[in-house]
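Here's the structure, in structure tokens; my notes come after.
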Amino acid sequence: MALRAVAPDDLPLIEDWWPEAAATVRGVGEPAAIGELQRMTDEAGGETLVIARADDPTAIGLLVYRLADDGWLEFRFLALAKALRGWGYGSEVVRLIEESGRARRFAARVSAGNGLGLFFWLRMGYRPAEAGELPWPEREPEDRIAMIREQKE
């Protein structure tokens, strides 16, 4: 897998699969508006990366994360084009970020309506956060579950 900055020529390809992928991540049936893509990346306050195969630079997914307080990295958005889910690409991307040394503690917010997303993060070794475990003060919306994982020494 390869992670790289989003290039202008990636946008038409991302726009093809974004509405369905964003709806799936959010656990809703209605496709997301394409304008939400730009808003999400602007509000992320972190890094937005294209997910591509090592042998093909075509954007097959999108990863948005931010480095937070006290050594935390928060996955803000992770999605792949529908035809490429279930092949291990998402797992490989999470492992690449975790092994990059950017942080030792990781968080991901999962929409309550996204059962497969919850299963994905559980399978990756994440667990639901308890009250007060995350250093940032905002409370989770009721439709989101904060999942966390800390790397072992």
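The values are calculated or read from the model by the stated rules, or taken from the named source; none is laboratory data. This one's a predicted model, so the numbers in the text were calculated from it and none came from an experiment. Ligands, DNA and RNA are stripped out before the accessible areas are found, and what is left, the full protein with its side chains, is counted by its heavy atoms. Shrake-Rupley method; radii C 1.70, N 1.55, O 1.52, S 1.80 Å.
For the chain, the longest principal axis of the Cα atoms and the long axis of helix 89-98 meet at an angle of about 50 degrees. Extension gain for residue 92-residue 54 works out to 12.5 nm (0.36 nm per residue, less the C-alpha to C-alpha distance). Every Cα-Cα pair of segment 65-153 was included, and the share exceeding 14 Å stands at 64 percent. Using only Cα coordinates, the Kirkwood hydrodynamic radius of the chain works out to 15.8 Å.
The heavy atoms of residue 102 offer some 110 square angstrom of accessible surface to a 1.4 angstrom probe. Annotation: the antiparallel percentage among DSSP beta bridges lying fully within segment 44-131 is about 75. The relative contact order of the chain comes to 21 percent, based on Cα pairs under 8 Å that sit 6 or more residues apart.
By the helix-only formula, in which each DSSP H run with n ≥ 4 contributes -39500 (n - 2.57) and the sum is divided by residues, the chain has a 222 nm mean residue ellipticity of -8500 deg cm²/dmol.
Note that the chain presents 55 Å² accessible area per residue, ligands and nucleic acids not counted, probe 1.4 Å. Against the chain, whose longest principal axis comes from its Cα atoms, helix 11-26 is set at around 40 degrees.
The shape of segment 46-91 can be summarised by an equivalent ellipsoid whose semi-axes, obtained from the alpha carbon gyration tensor, come to 23, 11, 9 Å from longest to shortest. Of the solvent-accessible surface of the chain, computed with a 1.4 Å probe and all protein chains present, 52% belongs to carbon and sulfur.
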